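Everything on this sheet refers to the single structure shown next.
What follows draws every value from the coordinates through simple rules; no lab data is involved. These numbers were taken from a predicted model, which means no experiment stands behind them. Ideal geometry is used to build each Cβ from the backbone, glycine not excepted, and the neighbour counts take in all protein chains shown.
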Amino acid sequence: MQLNIAIQHVFSQLSTTLQLLTQVHYSQPCPALSQATIGQHTRHIIEMFQCLLLGYETGIINYEKRQRNKSIETDRLFAMEKLNEISAALSRENKELLMEASYREDTDEMISLQTNFYREIAYNLEHTIHHMALIKVGVLQLTDLELPAGFGVASSTTKFKQACAR
């Protein structure tokens, strides 16, 4: 499926980058990210997918109930393992799901929205690219690493830039 290929591509870029980072850089607060770390952004990506996979089993996705596993944000090798696990688990049939969310700070009242597994994979792909763009800011501020071409850039942006160059 095209979505799985796209996910594998961005996960490969992210894993390659995590492999090149030192453990210190992975968990170092970054001023350009409001003192967040590359590890925190990576954890957020991973836990959104974990919520989706759990929701596939239960029929209900709730991204607000993320675990916020400190090990993912402090151990880049553990994070890479989780990316591999997620990538392997995404090849499933599409099915209808409900997404629960409150969207407000002043209430715990949930709303339910109809969605489906493939739609949520697409959402998480876009969400991942957005956070990879933030990770890119952190990597460029904290290190002198060269990132893979297109890291943190949506495919539509790449296509647009290529069309403009013609």
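Note the full-extension length gain between Gln114 and Lys95 as 0.36 nm times their separation in residues minus their Cα-Cα distance, in nm to one decimal.
Gain on extension, Gln114 to Lys95, equals 5.8 nm.
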Log10 I(q)/I(0) at q = 0.13, 0.23, 0.26 Å⁻¹ for region 17-87, from Debye over equal alpha-carbon scatterers, is -0.39, -0.97, -1.13
Grab the other residues whose beta carbon is less than 15 angstrom from that of Asn94, score K and R as +1, D and E as -1, and report the net. -1
Kirkwood Rh over Cα pairs of the chain into Stokes-Einstein at 37 °C, 0.692 mPa s: D in µm²/s? 195 µm²/s
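Under the rule of -39500 (n - 2.57) per DSSP H run of 4 or more residues, summed and divided by the residues of the chain, what mean residue ellipticity at 222 nm is obtained, to the nearest 500 deg cm²/dmol?
Details: 7 runs with 101 residues, N = 166.
Taken over the chain, the calculation gives -20000 deg cm²/dmol.
Work through the residues other than Gln13 whose Cβ is under 14 Å from its Cβ and net out their charges, Lys, Arg +1 and Asp, Glu -1.
Values: positive: Lys136; negative: Glu146.
Net local charge, Gln13 excluded: 0.
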Residue by residue through region 93-100, the couplings from Karplus 6.51 cos²θ - 1.76 cosθ + 1.60 with θ = phi - 60°, in Hz, x for Gly and Pro, are 6, 5, 7, 5, 9, 10, 10, 9
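Can you put Ile5, Ile61 in order of Cβ neighbours within 10 angstrom, beginning with the fewest? Walk me through the intermediate numbers first.
Details: Ile5 8, Ile61 24.
Exposure proxy ranking, most exposed first: Ile5, Ile61.
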For the chain, what proportion of DSSP beta bridges, expressed in % and rounded to the nearest 5, is antiparallel? 75 percent
Residues whose built amide H sits under 5 Å from the amide H of Ile61, excluding neighbours closer than 5 in sequence, are Leu98, Met99, Glu100
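So how strong a dipole does the chain carry about its Cα centre when Lys and Arg Cβ are +1 and Asp and Glu Cβ are -1, to the nearest 20 debye?
On the way: 15 positive and 18 negative charges, 119 e Å.
For this selection, approximately 560 debye.
Provide the gained length on full extension for the span Leu77 to Met1, in nm with one decimal, where the gain is 0.36 nm per separating residue minus the Cα-Cα distance. Mind dumping the intermediate values first?
Numbers: separation 76, 0.36 × 76 = 27.36 nm, distance 2.74 nm.
Full-extension gain reported as 24.6 nm.
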What are the ³J(HN,Hα) couplings of region 8-21, residue after residue, when phi is run through the Karplus curve with 6.51, -1.76, 1.60 and θ = phi - 60°? Round to Hz, x for glycine and proline. 4, 5, 5, 5, 5, 4, 5, 4, 4, 5, 4, 5, 7, 6
So, over other residues within a Cβ distance under 12 Å of Ser71, counting Lys, Arg +1 and Asp, Glu -1, the net charge is +1
